[in-house]
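In what follows, a structure is listed as structure tokens, so that the remarks can point back to it.
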Amino acid sequence: GAAPLVSFLSNKNVLRESPSPETLRRCFRINSTRTQRRSDGTLSIEGVRFEIPNRLRHIQRLAVRYARWDLRTVDLIDPHTGAILCPLYPLNKADNAAGRRRAVHAPPADPAPPSGEALPPLLRKLLAEHAATGLPPAYLPPPSPDPESER
């Protein structure tokens, strides 16, 4: 018995929040698997090459999520969970042609402990347990070749 506007304003709100435009854009995307180029750490989507972050260059097959009509938002995803790992950006061909390529940094190698330091606790425990058995060592490294004997 009331006008629709009066009824709408007097009752509690039962409307659902609408998703943001960014959320809607991300809903209509393709999941795909691409092979990484080992030479320069890129992959190709719809004829456009994208750079792979250095920390992921060891992965040969990469799962990506993108919209065909909008290649500005390409994401690298975890194929098992679907979680977004990182965004991918197009290769800058002008900088690449000018020789200004991004540096590929190898992870630093773990430095060897100095020879004068004690063994780690777990290794010390395992060696003590093995020594208690009275058996000879399980592995003896081969003798290193003497450079003088090869001449």
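Order the following by accessible area, largest value first: VAL6, VAL64, VAL14. Probe radius 1.4 Å; ligands, DNA and RNA are ignored.
Sorted by accessible area, descending: VAL14, VAL6, VAL64.
Which value, in Å², gives the accessible area per residue of the range 31-84 when a 1.4 Å probe is used on the protein heavy atoms?
I get 59 Å² per residue for the range 31-84.
log₁₀ I(q)/I(0) of the range 1-97 at q = 0.21, 0.25 Å⁻¹, via Debye over equal Cα point scatterers, no solvent, to two decimals? Results for the range 1-97 at q = 0.21, 0.25 Å⁻¹ read -1.08, -1.35. The listed residues PHE28, PHE50 rank as PHE28, PHE50 when sorted by accessible area, largest first, using a 1.4 Å probe. Per atom type, the range 1-94 shows carbon and sulfur on 55% of its accessible surface, probed at 1.4 Å. Taking TYR66, TYR89, TYR139 and ordering them by how much accessible surface each has at a 1.4 Å probe, largest first, produces TYR139, TYR89, TYR66.
Label separation (LYS93 vs PHE8): 5.1 nm, computed from points 7 Å beyond Cα along the C-beta direction.
Within the assembled protein chains, the solvent-accessible surface assigned to LEU119 is about 80 Å², based on a 1.4 Å probe. Once the Cβ-Cβ distance of TYR139 and THR81 is raised to the sixth power relative to R0 = 25 Å, the FRET efficiency obtained is 0.05. Loop-resident GluC sites (Glu not before Pro) (DSSP state other than H, G, I, E or B) in the range 17-85 with no more than 12 further Cβ atoms inside 10 Å of their Cβ: GLU17, GLU46.
Within 10 Å of each candidate Cβ there may be at most 10 other Cβ atoms; applying that plus a DSSP loop requirement, which trypsin sites (Lys or Arg not before Pro) in the range 14-83 survive?
On the way: sites: ARG16, ARG25, ARG26, ARG29, ARG34, ARG37, ARG38, ARG49, ARG55, ARG57, ARG61, ARG65, ARG68, ARG72; in loops: ARG16, ARG29, ARG38, ARG57, ARG68.
Counting only loop positions with at most 10 other Cβ atoms within 10 Å, the trypsin sites (Lys or Arg not before Pro) in the range 14-83 are ARG16, ARG38, ARG68.
Heavy-atom accessible surface of LYS93, to the nearest 10 Å², is about 130 Å², with a 1.4 Å probe and all protein chains retained.
The values are calculated or read from the model by the stated rules, or taken from the named source; none is laboratory data. All figures in this text were calculated on a predicted structure; none of them were measured in a lab. In this analysis, Cβ positions are derived from the backbone assuming ideal geometry, glycine residues included, and neighbour counts consider all displayed protein chains. Surface areas here come from the heavy atoms of the whole protein model, side chains and all, with no ligands, DNA or RNA. Shrake-Rupley method; radii C 1.70, N 1.55, O 1.52, S 1.80 Å.
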